[in-house]
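Every number in this text was worked out from the coordinates using simple rules, so none of it is lab data. Quantities reported herein were computed from a predicted structural model and do not represent experimental measurements. No Cβ is skipped: glycine too gets one built from the backbone with ideal geometry, and neighbour counts run over all protein chains shown.
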Amino acid sequence: MERLTDRRIPRELPPQSIAFRSDDAADAVTTRLRPDTVDEAARTPDFPQPWADLGLKPDEYAQLGEVLGRRPTAAELAMYSVMWSEHCSYKSSKVDLRRFAETMTDTMRKSLLVGIGENAGVVDVGHGYAVTFKIESHNHPTYVEPYQGAATGIGGIVRDILSMGARPVAVLDALRFGPLDAADTHRVAPAAVAGIGGYGNCLGLPNIGGEVVFDSSYAGNPLVNALCVGVLRHEQLHLAQASGDGNRVILYGARTGGDGIGGVSVLASETFDERGPTKRPSVQVGDPFMEKLLIECTLQLFAEGLVSGIQDLGGAGLSCATAELASAGDGGMHIDLELVPLRDPTLSPEEILMSESQERMMAIVEPQNVERFLNICQRWDVDATVIGEVTDRGRLVVDWHGETIVDVPPHSVADEAPICQRPFARPTEQSSLQADSADRLPRPGTGSELRATLLRLAASPNLCDKSWVTDQYDRYVRGNTVLAQPEDAGLIRVDEQSGLGVAVATDCNARFVRLDPYAGAQLALAEAYRNVATTGARPIAVTDCLNFGSPENPAVMWQFAEAVRGLAEGCRELGIPVTGGNVSFYNSTGNSAILPTPVIGVLGVIDDVRRRTPLGFAAAQRAIYLLGQTLDELSGSEWASVVHGHLGGLPPRTDLDAERRLAEVLVGGGREGLLESAHDLSDGGLGQALVEACLRCDVGARIDLPAAQDAFVALFSESAARAIVSLRPENEERLAALCQDSGVPFTKLGETAGRGASAALEVGGQFATPLAELRAVWSPTLPAAFDT
Amino acid sequence: MTRVVVDVMPKRDLLDPQGKAVLGALPRLGFECVRDVRQGKRFELEVDGDVTEDRLAEVRRAAETLLSKPVIEDYTVRVEPE
Amino acid sequence: MTRVVVDVMPKRDLLDPQGKAVLGALPRLGFECVRDVRQGKRFELEVDGDVTEDRLAEVRRAAETLLSKPVIEDYTVRVEPE
Amino acid sequence: MRVGVVTFPGSLDDVDACRAIRLAGGDDVPLWHGDESLRDVDAVVLPGGFSYGDYLRCGAIARFAPVMNAVVAAAQSGLPVLGICNGFQILCESLLLPGALIRNDSRRFVCRDQRVRIERASTAWTAQYTAGEEVTLVLKNGEGGYVANSSTLEELEREGQVVARYLGPNPNGSMHEIAGICNGRGNVVGLMPHPEHAADDLCGAGTDGFRFFTSVLHAALSA
Ligand SMILES: Nc1ncnc2c1ncn2[C@@H]1O[C@H](COP(=O)(O)OP(=O)(O)O)[C@@H](O)[C@H]1O
Ligand SMILES: [Mg+2]
């Protein structure tokens, strides 16, 4: 594959003369004076082909010969090698991912308009509206070129959402970097954040949430997972399929250039190692301005009913789009590749098929609509070209100046990649890891030790103020953002009349997943679910981005299988379906893989956004309640990590039924207007939740910890299914009734106190700390690290 | 004091959205003769004393590590004649 | 085809936040010999045919009206030797 | 009362400006960059965004859009024009306002709720404020540093053409903490922070920005 990304291919040769360069000797350039055609392939069955370098296994290459009844042409080989790569074919994960379908119940299916398999899932949210959302990784490109890698991550997921027929309305970004003090983190993190902001801001999409986590396992393997939310009317739903003999295939958007040629295949089949840049994919450069035009143009095309099928061009570019459109349709497709508008006229046909130039879309259009289609594109300054048509011959045929260079059954490219049954095994050290619990670690005892612990945690990289990051993101544009960072979930108004809205949160505590992948994945799901419910929205759907190490490592494969099983069963228990997502393998350097990081995004719906519940204490003399039960659960906690650098034991207990009942109270309480604030408890426990709730509007609090419990456990345990709420005293009784109805334990902690200079967080009998002091440790961590 | 100029340009094969935007605007302003535009950065460094080979090597290193991103940009370094 | 280069630099007496940031970063990377840095833009225009005086005048007009903003920037136009 | 909002390729906050105009009781009239006509509007907003990607200089290319010929002519004969953020940059590029906006001194995009002081209430867009009033608007830009040469700055100060100034730490390095200025006549105002994002309690930073829109509706009514 690298040969295709190698830009030293002699440019003075006419385009037709370049096929593949042989790998071994730099000067042994295998050139053809004509492209490798189907006829040529039939004539020269024994012509040696660089299939191994393109990442294909011997049996896969053999299978290709069987599918085609001859050797593949160079273009076909390029196409299959990319489409059958891990990244495009999910060959290692397919077996496990079937669980999501298997655990789907009728209730879960009810509001699902489009499920897994399309560009993104679509759910009904009422009033004739539907919402589509999906999360996707752009990890390796971000490591190689942090700004462009992260930027094009946003660009890609936004086109996925657009291609469902939806207007993209918001983005979120879940980020993982190496340790805050590592030099490479300083190379990657600020540039990745700037890239996400640079692209999203210029595109005009509000960024309403995400995560920033620092951990040594991500050094050299940063994770950038981008989520986009889109809104459509039911009747606007579009699918990626090419049907109707004679319908035209239109390529529109940016011209095709040399960006990221073969990137996908390399990304998915190689891991970073000491050999460095020669193994790296070539990068892509994004043009958010073009993408903005593409969005507005495409929405107008939808509105005028001119599009009968549509697909964005992402990984594997034209190869993937044509194959998937044709495969999902009812016939075949014929493309004249020389019609593709090029930025670089010297690209070979294989390169054109593989190019990952950004900001391109492909539409299937009935002949009588073509003229209007092209007119609309022109109005938006978007290039559009008819490059082929749908046929009824069941083949995907690509011609280059009249000669056929691809002639394949579309299913075989898009859907019939060989499946890998990867061996998996629970690593033996998992047991010793789980046996090494945090219970043995020395704990703070006195009030002043507890206070010092609270401050230390608040200042730590993973719990500190994230506004250094989020202030680089426009959260206001389009004027429908009801909640954004630092709220528990982002909340977007969908309909101004009714107040209908949707909330989204992403979460994953990867330490928990490391300790127990099954439970950890459920805890990630539970946390995202809880975050959504905290704002008052009812969780209805899930998207996931499964970031793991190498699938060729049985221990990693075990983590993966366990996490998927946990997630699938968790979703069934909560009654919300996984609607789509993304798998990213090979997040490892040498032998060390990242912490298994299944980032879970949950979408919720709220009937009236005016009833949302914000995170911060808003006024004095409000009652503060803790909902849920606190156990002595500190293994894998932020405290164990920050104070002791310890990871071992079992993660907190998962009780999804408790999560569901807690959500009932939070959503019901919000709808009744009982709750003035609500904040979920997660990393850092009650202590950190109080810090955040106080600092949000600078309102203090006076609380007493339950007498029956150890103060340290009460403050820093990370038991799940908990939240703190504040409310007017006259509503306390009603809250109690709600909690009793749902079977949610509730404890009055105390009340909110004054605002202003004297405001403080006071923990009865233990300590008090002025909010000014809390802010002074919580706020400067990221600026101090990055602004020097 | 000598002036060393570092020019940093987007790599030929990669998209240059900035150059593209300018190229698109030129004809609208009546400039018809331009076929292609690329936009890069120009750094003017004022360097102490004479520019020795060592100094130049140092500037080249700065160009490579700080002023340009080698995966997407090319740079050139030259001493500006007085 | 001829290449015409337009360099656009921030005016001497105006703030140049980007140049300043580079200047601040250089010593931290161990580059000690640089006294001042300014960051501007470099445009490479590929112009049809030979560059006549008329063509150059046209490019100069583009540099003045579009590529630079005279209150904050200065520009130079030159034909790049082959 | 008809207030036009121009959409350039890459305009983003046009929908927000339209909504604010509607909330204020006006009729929002979409104007297209490629049209020469202002469709008989009583005032014009050049909204925020990244026209043409802002790759060259913010506003540098939008300034040449056909609609700008009409805007410039109308502004010169007294039509109220408000340029917000990218719109402010376009007004400077069009020479309807002096000076320029450069990269934030932090070199980062900044999005935050920003306190500003309204320095001049006698413009078409600020008539419903009192001079000296302190309000919260939304600042969100990467190139918001206002610069001008010293004689221009002196003149702006002398003639009272500074419409709004940042309070607290200077968020972007603007000279004289300038957040907004107007032309001599007070009908053309350029403002870096966004009043349209402070016009709706639920989805913005409060409602302090609302009066920019009610001001112009009132001004147009009484004109
Ligand atoms: N990369 C990011 N992009 C946008 N918002 C972020 C990002 N990282 C964190 N946030 C926001 O900051 C707030 C705090 O994050 P976090 O502590 O992870 O929340 P929680 O613990 O509730 O999941 C949340 O509102 C979150 O959405
Ligand atoms: Mg939360």
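Quick notes on this structure:
- Taking a point 7 Å out from the Cα of A:Ala784 in the direction of its Cβ, the residues of the range A:624-659 whose backbone N falls within less than 18 Å of it are A:642-644.
- Stokes-Einstein D in µm²/s, Kirkwood radius over Cα pairs - the range D:14-169 at 20 °C with 1.002 mPa s viscosity: 129
- Note, ³J(HN,Hα) from phi for the range A:496-511, Karplus 6.51, -1.76, 1.60, rounded to Hz, x at Gly and Pro: 5, 5, 7, x, 4, x, 10, 10, 9, 9, 10, 8, 5, 9, 5, 5
- Note on chain C: Kirkwood radius taken over Cα pairs, Stokes-Einstein applied at 20 °C and 1.002 mPa s, translational D equal to 149 µm² s⁻¹.
- Loop-located trypsin sites (Lys or Arg not before Pro) across the range C:1-48 with a Cβ neighbour count of 13 or fewer within 10 Å are C:Arg12, with loop assigned by DSSP.
- Stretchable slack from A:Ala707 to A:His186, in nm (0.36 nm times residue separation minus alpha-carbon distance): 183.1 nm
- The distance separating the Cα centre of the range A:727-788 from that of the range D:180-223 comes to 37 Å.
- Nearest-ten-degree value, helix B:17-28 long axis tilted from longest Cα axis of chain B: 50
- Treating r as the C-beta distance of A:Glu416 and C:Val5 and R0 as 51 Å, the FRET efficiency rounds to 0.45.
- For A:Val125, the residues whose amide H sits under 5 Å from its own are A:Ala130, A:Val131, ignoring neighbours fewer than 5 places away on the same chain, with H placed 1.01 Å from N.
- Rough spin-label spacing in nm, given labels placed 7 Å along Cα→Cβ, for C:Glu64 and B:Thr65: 4.4
- Label-to-label distance, nm, for residues given as B:Glu46 and B:Arg28 (7 Å Cα→Cβ offset): 3.9
- Among complete DSSP H helices in chain D, those whose alpha-carbon atoms stretch at least 18 Å along the helix's long axis and whose mean Kyte-Doolittle hydropathy reaches 1.0 are D:210-222.
- Residue list for the range A:32-54, given a label point 7 angstrom along the Cα-to-Cβ vector of A:Glu403 and an amide N cut-off under 13 Å: A:32-44
- Subtracting the Cα-Cα distance of A:Asp632 and A:Ala435 from 0.36 nm times their residue separation leaves 69.3 nm of extension gain.
- Measuring max minus min along each principal axis, the C-alpha atoms of the range D:51-118 give extents of 36, 31, 18 Å (largest first).
- Take the Cα radius of gyration of the protein assembly as shown and divide it by 2.2 N^0.38 Å, N being the number of residues; the result is 0.92.
- Folded to 0 to 90 degrees: helix A:685-697 orientation relative to chain A principal axis, Cα: 90
- Using only alpha-carbon positions in the range A:105-199, the gyration tensor eigenvalues give semi-axes of 33, 14, 11 Å once each is multiplied by 5 and square-rooted (largest first).
- 0 to 90° range, to nearest 10: angle between helix A:183-203 axis and chain A longest Cα axis: 80
- Overall form of the range A:399-486 per C-alpha gyration tensor (a/c, 1.5; a/b vs b/c): oblate
- Here the calculated FRET efficiency for A:Asn375 and A:Ser467, from their Cβ-Cβ distance with R0 = 45 Å, stands at 0.50, rounded to the nearest 0.05.
- Dipole of chain C [Lys/Arg +1, Asp/Glu -1 at C-beta], most positive-end residue of C:Gly24, C:Ala63, C:Met1: C:Gly24
- With R₀ fixed at 30 Å, the C-beta to C-beta distance from A:Glu552 to A:Glu338 puts the FRET efficiency at about 0.15.
- Per-selection Rg to Rh, the range A:435-509 - Cα, Kirkwood hydrodynamic radius: 1.18
- Amide H contacts of A:Asp544 (H built 1.01 Å from N, in plane; Pro and chain starts excluded): A:Ile135, A:Gly580, A:Gly581, A:Asn582, A:Gly601 sit under 5 Å, all sequence-distant by 5 or more or on other chains.
- Closest approach to the C/B rotation axis among chain C Cβ atoms, residue and whole-Å value: C:Arg42, 2
- Projected label distance in nm at A:Glu304 and A:Glu66, using a 7 Å step from Cα toward the beta-carbon: 4.9
- By DSSP, the beta bridges lying fully in the range A:96-225 are antiparallel in about 60 percent of cases.
- Karplus 3J(HN,Hα) series, Hz, for the range A:391-398 with 6.51 cos²θ - 1.76 cosθ + 1.60 (x for Gly, Pro): 10, 9, 9, x, 10, 9, 10, 10
- For A:Val213, the residues whose modelled amide H falls within less than 5 Å of its own, excluding neighbours fewer than 5 places apart on the same chain, are A:Leu175, A:Arg176, A:Phe177.
- Hull-based mean projected area of the range A:287-436, where the convex hull spans the alpha carbons, in square nanometres: 14.0
- Short to long, the 10 Å bins of the Cα pair-distance histogram for the range A:576-710 hold 9, 29, 36, 20, 6, 0 percent of all pairs.
- The range A:152-230 - Debye-derived log10 I(q)/I(0), Cα point model, q = 0.16, 0.19, 0.25, 0.28 Å⁻¹: -0.58, -0.75, -1.09, -1.26
- Exposed GluC sites (Glu not before Pro) absent: longest stretch of chain A, with sites in DSSP loops and at most 10 other Cβ within 10 Å deemed exposed: A:275-788
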